[in-house]
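Structure first, then comments.
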Amino acid sequence: MKVQDSAFLLKVKPLLKRLISELSKDYDYVSVLGTDVSGKSYSVLTTGISLSDSNWTERGFVVRVFNESIYSEYSFNELSEENFKQVLNNIREETEKSLRNSKAKGFHTGKYPCVMEEKIVKHFNGDVVTPLEFSRPSEIIEKLTSIKDKAYEYTDLLVNFMAAYEGVTVSKLFISPNKDLMQSYMWSQGYTYAIVRKESNTRYGYKSYSGLKGTELIDEMSKDIKEVVDKAVMLLNAVPIEPGMYDVICSPEVAGLIAHEAFGHGVEMDMFVKNRAKAVEYLNKPVASKLVEMHDGARAAEEVSSYLFDDEGTLGTDTTIIKEGILLTGISDLLSALKLGTKPTGNGKRESFERKAYTRMTNTFFSPGNDSLEEMIASIEHGYLLEDYYSGMEDPKNWGIQCMIAYGREIRNGKFTGKIVSPVVMTGYVPDLLQSISMVSGELRLSGSGACGKGHKEWVKVSSGGPYIKAKARLG
């Protein structure tokens with residue numbers, strides 16, 4: 001079923017075109033982004049039920065104009081015949097104020113060239129099985145409650161269980177003198193958490209779900225209840241790891257975390273402009289083993305960060321960042337590309353219409369290879385299969401990385417020993433870690449159940465993933 005366009009945006013579109021026409025008399029470049037994002041968040045726990053609006057909800061506009069080598073922006077959330085002239089005057093006043101302030105600080109001279117756009121008219125409507133508006137809240141709560149109740153059939157050690165679902169419908173339009181773009185799609189994410197306790201030992205297992213899907217995602221969640229409970233019970237017997245260098249196999253989720261932290265943030269080209277990324281020194285040089293290929297892009301995969309155009313009106317792309325171990329390029333927003341003299345990659349994203357656009361990741365992943373997981377396990381004398389993660393951090397200036405892994409399964413002489421270590425901290429220098437990759441599986445899996453923060457902690461949806469990869473890493 002096609003996701004419907006926003007009635008709000010369709011109604012105001014003629015006024016937005018008029019606004020562009022009026023402002024184009026004064027400025028060499030004018031554009032407007034209109035957003036209408038709505039959604040609901042549901043969670044069912046042993047202790048209660050919660051239903052609320054999604055935190056991603058927003059509705060409004062941001063106008064960008066080019067004025068004597070600087071770009072200014074003005075955001076607002078209402079436009080009508082009654083306030084049209086006031087909005088128009090506000091934009092002009094704020095733009096002139098920005099120019100005066102920039103000149104006073106000496107920032108305006110030759111800072112940016114003007115955007116030169118080709119003429120593009122495109123419209124995209126995503127497909128889902130069941131849009132959010134076709135599912136009654138009571139029906140969603142009933143399904144989540146059933147998942148929660150089923151979990152208690154698998155162990156007496158369960159002390160709490162949560163089944164959560166969030167569905168978000170995104171409608172956006174972008175208009176400039178040469179562009180007329182509109183997109184409407186839906187993404188969903190879900191989580192199941194099992195908390196178990198044995199005497200004073202408490203552990204939890206979880207599983208996440210995501211995609212360009214409707215409420216049908218909840219049916220996927222209902223299939224893995226026992227797996228989540230068993231994982232939590234297994235972790236009751238986990239022990240600390242002995243720190244050291246190990247051969248490791250990273251699950252697709254952990255591989256995705258490495259991709260995100262190592263060469264996601266590390267190749268965001270607004271950091272190139274600010275001289276805050278070490279990746280600049282390695283362009284067209286080896287940074288990983290020849291087995292490594294890495295992509296990012298709204299059109300590189302279908303997950304929660306897939307779209308027709310970004311928040312600056314650049315069409316989404318599939319960017320090959322690394323090929324055969326060579327760092328080819330970074331990802332960029334429009335203004336960073338203008339400054340660097342490169343082509344924008346469709347990675348200009350805003351937390352909302354009230355926030356600035358940064359270079360942000362979309363779907364970031366390692367490409368699959370030709371090895372099998374069984375071959376990887378058999379090749380390890382002593383090491384770990386690392387699965388699930390809690391968080392990650394990176395330092396794009398010095399290329400350090402730290403990943404908090406949920407647990408590792410010990411491998412000795414090519415076989416699992418049954419020993420579980422948890423939690424596990426993986427640290428290292430990005431090129432060392434990636435150059436140690438010696439095997440890559442043929443399976444590719446992405447997850448988009450999280451979000452990424454940047455700047456003043458603006459959050460956007462991203463996905464990451466990859467195949468299973470074998471490497472050497474420092475664990476502690």
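Quick note: the coordinates plus some simple rules give every number you see, no bench work behind them. Quick caveat, the model's predicted, so the values are computed rather than measured. Note that we place each Cβ from the backbone using ideal geometry, even for glycine, and neighbour counts take in every protein chain shown.
Key figures for this structure:
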read-out: Nearest-0.05 FRET efficiency for residue 429 and residue 54, computed from C-beta distance (R0 45 Å); value: 0.70
read-out: Helix 84-105 axis, angle to the chain major axis (alpha carbon atoms, nearest 10°); value: 80
read-out: Integer Hz, Karplus 6.51/-1.76/1.60 couplings in order for the stretch 461-476, x for Gly and Pro; value: 6, 9, 10, 8, x, x, x, 6, 10, 9, 8, 10, 8, 8, 10, x
read-out: Theoretical gain in end-to-end length, residue 391 to residue 125 [0.36 nm per residue, Cα-Cα removed]; value: 92.4 nm
read-out: For the stretch 435-476: relative contact order, % (alpha-carbon pairs under 8 angstrom, 6 or more apart); value: 50
read-out: Using a Förster distance of 22 Å, the FRET efficiency for residue 153-residue 220 (Cβ separation, nearest 0.05); value: 0.70
read-out: Partner aspartates and glutamates for residue 231 [C-alpha distance under 12 Å; skip if fewer than 8 residues away on the same chain]; value: 387, 388
read-out: Lys, Arg +1 and Asp, Glu -1 on Cβ, resulting dipole of the stretch 30-103 about Cα centre, debye, nearest 20; value: 220
read-out: FRET efficiency estimate (nearest 0.05) - Cβ-Cβ, residue 104 to residue 237, R0 41 angstrom; value: 0.05
read-out: Inter-label distance, nm, simple model (7 Å from Cα along the C-beta direction), residue 112/residue 178; value: 1.6
read-out: Neighbour cut-off at most 14 other Cβ (10 Å), DSSP loop, GluC sites (Glu not before Pro), the stretch 213-314; value: 216
read-out: The chain: calculated mean residue ellipticity at 222 nm from DSSP helix runs of at least 4, using -39500 (n - 2.57); value: -6500 deg cm²/dmol
read-out: Simple Cβ-charge dipole of the stretch 98-232, Lys/Arg +1 and Asp/Glu -1, about Cα centre, in debye nearest 20; value: 1000
read-out: For the chain: relative contact order, % (alpha-carbon pairs under 8 angstrom, 6 or more apart); value: 15
read-out: For the stretch 398-474 and the stretch 250-324, distance of Cα centres in Å; value: 16
read-out: Vicinal HN-Hα couplings computed from phi for the stretch 195-203 (Karplus, 6.51 cos²θ - 1.76 cosθ + 1.60; Hz; Gly/Pro x); value: 10, 10, 9, 10, 6, 9, 9, 10, 9
read-out: Where labels lie 7 Å past Cα in the beta-carbon direction, separation of residue 283 and residue 370 in nm; value: 3.2
read-out: Gain upon complete extension [residue 356, residue 15; 0.36 nm per residue less C-alpha separation]; value: 120.5 nm
read-out: The chain: angle of helix 225-235 to the longest principal axis, Cα-based, in degrees nearest 10; value: 60
read-out: Furthest towards positive pole of dipole, 125, 264, 438, structure part the chain, Cβ charges; value: 264
read-out: Stretch gain in nm, segment residue 7-residue 230, where the contour uses 0.36 nm per residue and the Cα spacing is subtracted; value: 75.7 nm
read-out: Mean separation of Cα contacts under 8 Å (6+ apart) over length of the stretch 121-228, as relative contact order %; value: 33
read-out: Cα long-axis angle, helix 137-151 against the chain (0 to 90 degrees, to the nearest 10); value: 20
read-out: Amide H partners (placed H, <5 Å) of residue 317, local residues excluded; value: 298, 299
read-out: At 1.002 mPa s and 20 °C, Stokes diffusion of the stretch 370-476 via Kirkwood alpha-carbon radius, µm² per second; value: 141
read-out: Spatial separation of Cα centroids for the stretch 82-132 and the stretch 152-184, in angstrom; value: 27
